Structure formats: C-alpha cells, structure tokens
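Heads up, the thing below is written out as structure tokens.
Throughout, read-outs are computed from the coordinates displayed, never taken from laboratory work. Fair warning: this is a prediction, and the values are worked out from it, not measured in the lab. In this analysis, Cβ positions are derived from the backbone assuming ideal geometry, glycine residues included, and neighbour counts consider all displayed protein chains.
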Amino acid sequence: MTITSYRCLDTPLTTWVLNTVLFLLSMTLITIPTDNLLFCHPALLFLFTVIIVGHTECGGAAACLGAAQSPDLNLDGPITTVSSLPVDSALNRWLEPLTRIAAGLQLSSIPHAEALPIVVEENVKAQVENLANTITIGDAWKKGTRKGQEVWIHGWVYDLNTGLLRDLNISRGPPGAAQPQSPALVQ
C-alpha cells in the first residue's frame with residue numbers, strides 16, 4: 001500500500017486496503033489534466049482500487065480558497081495562490097487548478113470555515129474525474145488489468161477531528177460494471 005500522508009493511522013481500514021489500494025491522502029492535487037502522472041506508475045500493474053481521500057483542514061485547499069476569495073484574483077492569466085512565491089513557482093502551478101475550481105464555486109460570501117469543506121470535496125471530485133480520464137485508467141477499463149480485475153476509483157473525505165472517512169458516492173469504474181460496496185468503516 002502506498003500512503004502519501006502521515007495522517008493516515010494504522011486501522012482496520014488501512015489493513016483492508018493493504019496490497020489492493022493506492023491510497024491517496026492529503027493530496028491537494030494528484031493529477032493535472034495535461035499531465036499523465038500515472039502513465040507508467042508501477043503500482044497500477046496490480047492495482048484494482050484507487051481511493052482519493054481529501055481531508056478536513058487541508059492547508060492546500062485553504063490557501064486556494066483564500067486566493068479565490070481575494071478581490072485581487074485575476075483568472076485571465078497564471079494565478080498566484082501563495083503570494084510570497086513567484087507566480088511560476090512549482091507550488092503556485094500545483095495549486096492553480098484548485099484555486100480556479102474554488103473561484104468557480106463563488107464562495108466569497110460564505111465564511112471560510114463553511115467554505116473549506118466544500119473546496120475539499122470539490123477537489124476530491126475533480127481528482128476522481130482527472131484520474132478517470134487518464135490513459136492508464138481508460139486502458140484498464142477497456143482492456144482489463146493483468147490480473148483481470150476491474151479498476152475502481154473512489155472519492156472519500158477523512159475528518160481529522162473524528163478519524164472517520166466519508167464516501168462522497170462519486171466512484172468510477174468500468175462502464176456497465178456494478179459498483180462494489182464501501183467497507184463498513186466508511187460512512
């Protein structure tokens with residue numbers, strides 16, 4: 001199992017996903033539509049479940065929300081999400097797609113504490129869609145995997161305060177395939 005954040009504890013859920021899941025936690029942005037980061041990812045050789053997990057109080061999502069709520073935001077060019085860095089810095093380029101998503105949500109009149117969970121959820125939804133549109137996943141859905149399993153992508157949110165996972169019910173899988181149930185540990 002690949003865990004991309006220290007925030008994921010050893011629990012029955014992480015035991016369930018061992019050797020079957022690429023578990024992506026605390027990823028503000030895992031794939032940009034113009035990139036195909038998973039084209040040759042070795043984990044996909046035997047993978048059949050991908051879970052994209054956003055988390056509450058995400059610093060990256062908070063920065064994107066803050067930039068999106070700024071009256072100085074200009075969507076006509078590159079976006080500076082982190083104002084202390086150059087617009088072409090790696091971090092600003094990485095956060096720009098989510099800043100654009102947050103700006104499109106028109107959350108300016110909503111308090112930050114209420115808007116942040118919306119941005120986190122929308123980011124997970126966007127990443128599920130981005131991943132579903134990669135060549136690697138498309139090929140797995142058309143041709144199957146080496147072991148003949150169906151590849152599924154799920155979107156969840158992890159609550160740092162409660163330790164609970166919430167299924168956003170946005171799973172994607174092969175066309176016409178029946179969606180597997182989430183484990184009992186996911187709400």
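Side notes on the structure shown:
- Karplus-derived 3J(HN,Hα), 6.51/-1.76/1.60, for each residue of the stretch 101-111, Hz, glycine and proline x: 4, 4, 5, x, 7, 6, 9, 4, 8, 9, x
- In this structure, T56 and K143 have a Cβ-Cβ separation that, at R0 = 41 Å, corresponds to a calculated FRET efficiency of about 0.65.
- Packing here is the average count of other Cβ atoms within 10 Å per residue, and on that basis the peptides 91-101, 112-122, 72-82, highest first, run 91-101, 112-122, 72-82.
- Taking a point 7 Å from the Cα of S84 along the Cα-to-Cβ direction, the residues of the stretch 94-121 with backbone N closer than 19 Å to it are 94-96.
- Considering only L116, A132, T99, and ranking their Cα positions along the charge dipole of the stretch 92-139 that arises from unit charges at the beta-carbon of Lys, Arg, Asp and Glu, the one farthest toward the positive end is T99.
- Rounded to whole numbers, the Karplus 3J(HN,Hα) couplings from phi for the stretch 152-164 are 10, 10, 10, x, 10, 10, 9, 8, 5, 6, 9, x, 9 Hz, using 6.51 cos²θ - 1.76 cosθ + 1.60 with θ = phi - 60°, and x at Gly and Pro.
- Backbone amide hydrogens, once placed in the peptide plane, bring T49 within less than 5 Å of L22, W152, excluding anything fewer than 5 places away on its chain.
- The stretch between L91 and E114 holds 5.8 nm of extra length on full extension. This uses 0.36 nm per residue minus the Cα-Cα distance.
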